[in-house]
Amino acid sequence: MRLERFRIRTDSLAFRLIAGAALWSGIALVAGGIILSSIFRQSVERSFDARLDVLLGSLIATTDVNDKGQLERTRDLNETRFDFAYSGWYWQIAPIAQRLGLHSRSLFDQSLDISAGKDAERDVSGARVFDAVGPENQSLRVTERRLMLPGYDVPVSFAVAGDKAEMEADIQSFNSTVFTALGGLGLGILVALFIQVRFGLQPLERVRSALASIRSGKATRLDGTFPVEIEPLADEINSLLEGNREVLERARTHVGNLAHALKTPLSVLTNEARAHDGAFGEQVSRAALNMREQIDHHLARARMAASANVFGAHTPVAQTLTRLARTLERIYVERGISVAVECPELLGFRGEAQDLEEMAGNLTDNACKWAASRVVLKAVPLGEPRKGRPAFLLTVEDDGPGVPEAARKTALKRGGRLDETKPGSGLGLSIVTEIAELYGGELKLADSPLGGLKAELILPAAGA
């Protein structure tokens, strides 16, 4: 259940807010990481090139022409890596002619490929920077400059090279640190977004919970303190609920007034018809009786329709069924009919108590009429919602003769009676069907394991 609270549906506002913010935050962090990496790379390359340039200047300053017209070094550079073979740091002095040049001990028997930088542009000092492949396929960064030395008749190429692996290692270390830090920052932002959205949308969750309580019958209005942005919505919903209750009350009042206004003239008409013997009086009496039944029927439907749409209606099922079972056992005590009830204590019916009593009462009374000795009332919650709302199944079973499958449709019709020897009007099952349909439920008939008929009634469930 705790995991369900943190699960976010893809079609929810929370998912849209979190996904949108996470997307743009991710783009910003990645772009920032790339920009930082690029800036650092440029800085490292400039620093590396500046270091090579300093070494190149020192190489030029410590090179001279002796009395024999040959190039010679006056002192060593202050860099020990030039003395280790293939260390990755090299210098080379090469006359632009077929003459003997000089190179660092680290080059051993190799030479720098200066031709790799033929397309590189020289700066104002005549220097150019380019990449080349050194001994043992090392990737080198080379700074090279051509000069005319005093006492030397041909230009001389001075070059200093450094191993790019050192520079790339620094850049890789920086990138790893930056992207790890940005990844952690992104994760922190995502968690913060989740908390912020959850906290920000919490009032809407309270509204949803309050509406669910109203629908299940636990409350009749939205109560609680809401933010200023949601408070007008809560006020409008409360006004709508109050207006709905007022409309239903007026409808019930009008129904009662109409019933009273029609029944009195019908009673007068019936009495007058009885005073006239013959076919005319009988015909008027039958018509008046039919009119009375139709008025009662449609007024009852209007009352039930109003009750079915009342928000906050809640009826405990177990109490209603237990009370009904005791009553029917007393009515059928001479026949020894036992009525057993199986129902969870917390199960509720989302509707008026008199409607549940009428539906369950008609089914149970019908079962008692046909039962040999036993009737069982059972109510269980349904695992799957019905029409998007929780529901429960009410079954009424008896151990009587049952009803053939071909005759069950007739039994559900208004006025349909399968046995005229049993008391009743044939309206019970049709009334149950009509009330159940008003609540979005349905009634089905099936064979009972007890041997008789089983009535299955699906109704909307309410919270405890």
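General observations
- Qualifying residues in region 111-133 (those that are under 59 Å from the mean Cα position of the chain (by Cα) and either among the aliphatic types (A, V, I, L, M) or crowded, with 16+ Cβ neighbours inside 10 Å (or both)) - the one nearest to Leu56 (Cα to Cα): Val129
- Candidates Leu55, Leu29, filtered to the one that is more than 17 Å from Leu140 (Cα to Cα), assigned to a helix (DSSP H, G or I) and in contact (Cβ under 8 Å) with a residue 60 or more places away in the chain: Leu29
- Checked against (1) assigned to a helix (DSSP H, G or I); (2) without any contact (Cβ under 8 Å) to a residue 40 or more places away in the chain, Asp76 meets all criteria but (1).
- Pairing each residue of region 369-381 that is farther than 12 Å from Glu397 by Cβ and without any contact (Cβ under 8 Å) to a residue 60 or more places away in the chain with any residue that is among the polar types (S, T, N, Q) and crowded, with 18+ Cβ neighbours inside 10 Å, provided the two are 6+ apart or on different chains, yields C-beta distances under 9 Å for Val380/Thr395.
- Residue tally, condition open to solvent by less than 60 Å² (accessible area, probe 1.4 Å), free of Cβ contacts under 8 Å to residues at least 60 places away in the same chain and not in a helix (DSSP H, G or I), over region 145-173: 1
- Residue check, Arg221 assigned to a helix (DSSP H, G or I), in contact (Cβ under 8 Å) with a residue 12 or more places away in the chain and open to solvent by 50 Å² or more (accessible area, probe 1.4 Å): no
- Against the conditions (1) at pLDDT 80 or above; (2) within 24 Å of Ala340 (Cα to Cα), Glu434 satisfies every one except (2).
Residue-by-condition table, conditions (1) within 23 Å of Asp447 (Cα to Cα); (2) aliphatic (A, V, I, L, M):
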site	(1), (2)
Thr322	no, no
Thr364	yes, no
Ala371	yes, yes
Arg386	no, no
Ala391	yes, yes
Asp399	yes, no
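- For region 79-110, filtered to residues that are without any contact (Cβ under 8 Å) to a residue 60 or more places away in the chain and aliphatic (A, V, I, L, M), the residue that is surrounded by the fewest Cβ atoms within 10 Å (Cβ to Cβ) is Leu100.
- Residue in region 174-190 that is of a type in the set (S, T, N, Q), within 20 Å of Asp49 (Cα to Cα) and open to solvent by less than 50 Å² (accessible area, probe 1.4 Å) present: no
The values are calculated or read from the model by the stated rules, or taken from the named source; none is laboratory data. Every value quoted in this text rests on a predicted model; they were computed, and no experiment measured them. Note: ideal-geometry Cβ built from the backbone for every residue, glycine included; neighbour counts use all protein chains shown. Just the protein is used for accessible areas: all its heavy atoms, side chains included, with ligands, DNA and RNA removed. Shrake-Rupley method; radii C 1.70, N 1.55, O 1.52, S 1.80 Å.
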